[in-house]
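Scroll down for the structure; my scribbles are underneath it.
The values are calculated or read from the model by the stated rules, or taken from the named source; none is laboratory data. Computed from a prediction, not measured in an experiment: that's the story for all the values here. For accessibility, only protein heavy atoms count, side chains too; no ligands or nucleic acids. Shrake-Rupley method; radii C 1.70, N 1.55, O 1.52, S 1.80 Å.
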Amino acid sequence: MARDFDFKSRTVKRPPELQRRQSVARKPKVRQAKWWLVLAVIGLSLVGYAVYRQYSSPTITTNTDNSSQPDSTTAQTSQRIQVYNGGAGEDVAKQLVAKLIAAGYLASYVGPTLDSYQGAEIWYSPGNGELSKQIIKEITASKIVTHESQIATGYAIQIFLGGN
């Protein structure tokens with residue numbers, strides 16, 4: 001028994017027939033497995049972002065029906081108008097867009113807002129105050145507030161429709 005003990009490494013020497021056999025198959029390298037995992041996470045993130053961008057882009061409604069031209073008494077404009085749903089409901093916002101398009105305006109429905117509004121808020125770019133007064137006639141909200149925007153947005157008017 002004393003011969004079977006290795007004093008330097010403090011282990012017991014086993015006879016060759018009792019030693020564990022090494023497996024022939026090699027273990028996968030951990031380093032390669034980590035890289036594949038990192039690449040898979042990056043790929044899934046890119047696919048998720050692409051899907052998010054596809055379904056979160058605003059829906060734009062345009063007038064493609066040429067048969068329903070507005071009459072000469074309506075005010076036609078080339079200024080663009082954005083309509084947001086701020087608590088009034090998507091159907092109400094889309095009805096307003098349809099009404100504005102029928103009146104000859106270039107209107108589009110953008111989508112819901114993060115904040116809730118009471119009544120309607122109209123933000124117009126400098127020089128479009130008269131246009132905002134014309135558009136107020138098309139809105140059926142109990143409370144309408146107008147503001148002049150100091151930020152260039154590319155749109156003449158932005159309408160935030162809230163609950164009444």
When only the heavy atoms of the protein chains count and the probe is 1.4 Å, how do Val97, Val92 rank by accessible area, highest first?
Val92, Val97
Can you tell me the length gained on complete extension of the stretch Lys99 to Ser45, counting 0.36 nm per residue apart and subtracting the Cα distance?
15.4 nm
Percent of accessible area on segment 82-139 owned by carbon and sulfur, 1.4 Å probe?
51
Length gained when the stretch Thr113-Ile139 is fully extended (0.36 nm per residue, less Cα-Cα span)
7.5 nm
